[in-house]
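These notes are about the structure you will find just below.
The values are calculated or read from the model by the stated rules, or taken from the named source; none is laboratory data. This one's a predicted model, so the numbers in the text were calculated from it and none came from an experiment. Here Cβ is always computed from backbone atoms with ideal geometry, including for glycine, and neighbour counts include all displayed protein chains. Note: accessible area is taken over every heavy atom of the protein model, side chains too, but ligands, DNA and RNA are not part of it. Shrake-Rupley method; radii C 1.70, N 1.55, O 1.52, S 1.80 Å.
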Amino acid sequence: MIIIGIHTFFTSLNDLERIIRCPGRFKFEEHNVAAHSWKVSQYALFFATLEERAGNEINWKSLYEKTINHDFAEVFIGDIKTPVKHASVELKQMLSHVEEKMMEKFIVQEIPEDLQAIFFERMKEGKDGTIEGRLLEFADKLDQFYESFAELKRGNTDQEFVHMYQIALSKLLLINLPTSVQYFRNEILTDAVAEKTVIDIAELTESILKQHID
């Protein structure tokens, strides 16, 4: 007898705790996908609050669903390192397609039929043109920024983290959220580069900022 229920979905959440981000590289501190999703939700909560105060309407339900579910598909394929994902547009699209199809199969097999339509909507790609989708993108890149920043700060000279930092910072500055980007650039980034670090992050950051002069 085939049993279809929510049990498999709940047990798979434990698997997200065992998926390590940026696998195969030396790191002073490991991060897993489950913790990443929680941090992304917290970042999005803060910046959505700033955006709302600036006069933008936020669909909070949509925002929370997008942020907490955005990397669930990694339970199927694991975490693929940022430089690999961005090696080409074609590869990124292919990986997204694989994740989407595996997510669809999982929902059909494991989610009760009367809830499947809800989960198809809830678990779809969340990075879109809506303000909630842009906030997800911003929060996701912010966590990449902080993870790579922490490694560089401690003196991890692995070029992969330099590359991650460059990608994260560059993308953060380009996301169409003027209020959030301004706050990040003027407040958070100013505090970050003022910290005492083994590697000269201030110099690295300045070289990136020069490429994004308003």
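General remarks:
- Charge tally around Ile58: other residues with Cβ under 14 Å, Lys/Arg +1 each, Asp/Glu -1 each, net -1.
- Charges were assigned to the Cβ only: +1 to each Lys and Arg, -1 to each Asp and Glu. The resulting dipole of the stretch 16-151 about its Cα centre is roughly 360 debye.
- The order of Lys105, Lys39 by accessible area, most exposed first and with a 1.4 Å probe, is Lys105, Lys39.
- Tensor-based shape of the stretch 133-184 (alpha-carbon gyration tensor, a/c under 1.5 rounded, otherwise prolate or oblate): prolate
- Across the stretch 22-52, the residues whose backbone nitrogen lies under 13 Å from the label position 7 Å along the beta-carbon direction of Ile188 are 39-51.
- Per residue, the convex hull volume that the Cα atoms of the chain enclose (Å³): 128
- Once the 1.4 Å probe is applied to the protein heavy atoms, the chain comes out at 55 Å² accessible per residue.
- Over 26 Å between alpha carbons, listed pairs Lys27/Lys171; Lys27/Lys141; Lys66/Lys153; Lys127/Lys153: Lys66/Lys153; Lys127/Lys153
- Accessible-area composition of the chain, carbon plus sulfur, in percent [1.4 Å probe]: 54
- The residues packed around Glu29, meaning those with a beta-carbon under 11 Å from its beta-carbon, carry a net charge of +1 if Lys and Arg are +1 and Asp and Glu are -1.
- Electrostatic bookkeeping for Gln116 treats Lys and Arg as +1 and Asp and Glu as -1; over the other residues with beta carbon under 11 Å from its beta carbon, the sum is -4.
- Only helices enter the 222 nm calculation for the chain: every DSSP H run of n ≥ 4 contributes -39,500 (n - 2.57), and dividing by all residues gives -20000 deg cm²/dmol, rounded to 500.
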